[in-house]
Every structure is written in C-alpha cells, then in structure tokens.
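Have a look at the structure below before the remarks.
Each reported figure results from applying straightforward, stated rules to the coordinates on display, with no laboratory input. Values in this document were obtained by computation on a predicted structure and should not be read as measured data. Every residue, glycine as well, gets a Cβ built from its backbone with ideal geometry; the counts of neighbours run over all protein chains shown.
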Amino acid sequence: LVGGPISVSLMQLEGTLGLAGWQWMFIIEGLPAVVLGFLCLKILSDTPEQAAWLTPVERQSLVGALASEVHERPKKDLLAAMKDARVLLSALIVFCYTVGSYGLSVWLPLILKGHDLSTSTIGWLSAIPFLFATLSTFAVAHFADKTGLKIYALIFTLMLGVFGLLMSVYFQSLISAMLWFTISLCGVISARMIFYTVPQVFLTGAAAAGGLAFINSVGSLGGFVGPSMMGWLKDATKSYDVGMLGMACILVIAITATIALKGLVKNA
C-alpha cells in the first residue's frame, strides 16, 4: 500500500552522491529492517516469564493458559503433523495462493509500464489494488467471525482471485486492468488472512508449532515460483496472458485443495 509511493519518491534521488535511484531505495528501505532485527533480539522474549512488558498477573495468566492447553489437547509429534493429510493440503493451499499473490504483485509495475506510464504514475497506481485489498481483509474477517464459515470464506476469496486473473486476460485497457488486478489481489490477499484461522482448528500443542512451520515453509516457495513463472512465460510467449492463466489454474488447485480440506475438517 505504501511501498510503491515511497519507492517512487526515493527513485527521485537518482544521481545523489553518485548513486542510482534504485540504490537509494534499497539502502533507505533496507536499513530499518536491519535496525529492527537487532531491536527484536533485545526486546522480544522467548517465554512469557521473560516478558518484561507484561505485568506479573498477565505473565502468570498466560503461563497458566498455555499449560492448560498442553494438558487438555492431544499430543502429536512433528513427524505425525507432517504426515497429516490436513497439514499437506494446507501447505498446498498456501503455496498456491502465494504463487498468485506474489506473481501478480511483483509483476504489476511492469504490466502497468506496458501502458506507457511514467515511473511515478506506476508507483501510485500500484498502491490502489493494495488499498482495496486491505479493506477487503477486514470485510472478509468480519464475515468469517460473524458466520463461522471460515473455509467457505477462503474458497470465495480464492475464486475472486481466479475471476480477476481471467478477466485481466480478456479486458486489457488500463482502467480494466486496474479493476481486474484489484479484484484478484483483494481475493488472494484476503485468502492469506483467512487461511490461518483454519489450521488452529486441528493443530494443537507441539503439532501446531511443527505443522505451521511446515505449512509456511512449503507455502513460502510460492513466493519464488510465482514471479519466476510469470517471467519465464513472459519471455517464452512475449505476453503476460499465459502467466495470468497459469496463476489462475494454480488458484483453482488451491480451491480444490480447500474443498478437500473442508471434508476433513468438519468444524471450520
């Protein structure tokens, strides 16, 4: 939402101190992350007992709640969690929607550049889909909390992602492209938000930590596959259309996996 406009502003530093605009962007946007990394080492605690920012009562309450959770729920080891069909389906879902979200968001500026827009215009226009996607996550979260239909909400958001990608292939004017890209990103970004309410229904204790780590590890590969796939297909076909269709197909796989997961998780 804010990255595009900020990056555009930093690109205007082109030539300052002999550095290119993109070099200034990398330095200025990267330094806060480095500083925060060191602050996290000092501020974040490993256990509730070590959390100085909690009151003694809060620490005791949290420790008691965690201990109660461990005793009340069945224990599963990490290997068992990774063999669980629900975990495998969840990992596939995350991988697929990550392919869609990263594939589109990373290539969006270059797609807009094809409409002969200036760099500053591209930066500001690129922020629009993420503004609406941010709002859509609140709407989807409210719906899921109010109705309890988490998996159905996930299926809907993934279908929205597919619909936007398919329409972007057939309607390619600037206004149409912005509309369909916005709809697609509203879907896949909301899917990311709503998905993580599902595994907590069936993952508990040690299995939750191991299962979520496995799901995230597999899913994160989509962040590489999505943009790379778009690049390969663009080079091979000289068009973004096949890449859009490919990502739509991968999101259909996510929908299928979500439907299968619903069959295994009755109370989500």
Check: For the Cα atoms of the chain, what angle does the longest principal axis make with the long axis of helix 56-72, in degrees from 0 to 90, nearest 10?
Finding: 80 degrees
Check: Taking the simple approach of a point 7 Å from Cα along Cα-to-Cβ for both V63 and Y170, what is their distance in nm?
Finding: 6.2 nm
Notebook entry, point to check: Hey, what angle do you get for helix 174-195 against the long axis of the chain, alpha-carbon based, 0 to 90 degrees rounded to 10?
Noted result: 10 degrees
Notebook entry, point to check: Rounded to the nearest 20 Debye, what is the dipole magnitude of the chain about its Cα centre when Lys and Arg each give +1 and Asp and Glu each give -1 at the C-beta?
Noted result: 600 debye
Check: Using a Gaussian network for the chain with springs between C-alpha atoms less than 10 Å apart, which of these wobbles most: L44, L233, L245?
Finding: L44
Checklist line | Additional length obtainable on full extension of the chain from E29 to T16, 0.36 nm per residue less Cα span | finding: 3.1 nm
Note to self: Taking log10 I(q)/I(0) by the Debye sum over Cα atoms at q = 0.08, 0.10, 0.15 Å⁻¹ straight from the coordinates, which label in [x] -0.42, -0.64, -1.19; [y] -0.60, -0.74, -1.12; [z] -0.54, -0.70, -1.15 is the correct one?
What the structure shows: [x]
Check: So, with +1 on the Cβ of K and R and -1 on the Cβ of D and E, and no other charges, what is the size of the charge dipole of region 1-159 about its Cα centre, to the nearest 20 debye?
Finding: 380 debye
Notebook entry, point to check: Within region 200-239, whose backbone N sits under 18 Å from a point 7 Å along Cα→Cβ of L245?
Noted result: 229-239
Next item on the list: Just order 8-18, 27-37 by mean Cβ neighbour count inside 10 Å, highest at the front, would you?
Entry: 8-18, 27-37
Next item on the list: Mind telling me which of D235, D46, D116 comes out most flexible in a GNM of the chain, alpha-carbon contacts under 10 Å?
Entry: D46
Checklist line | On Cα atoms only, tilt of 21-43 relative to the major axis of the chain in degrees | finding: 10 degrees
Margin query: I'd like the Karplus ³J(HN,Hα) series for region 151-158: coefficients 6.51, -1.76, 1.60, θ = phi - 60°, whole numbers in Hz, and an x wherever there's a Gly or Pro.
Written below: 5, 5, 5, 5, 4, 4, 5, 5
Checklist line | Normalised contact order of the chain, rounded percent, pairs of Cα under 8 Å and 6 or more residues apart | finding: 30 percent
Next item on the list: Would you look at the GNM of the chain, springs on alpha carbons closer than 10 Å, and say which of F38, F224, F95 moves the most?
Entry: F38
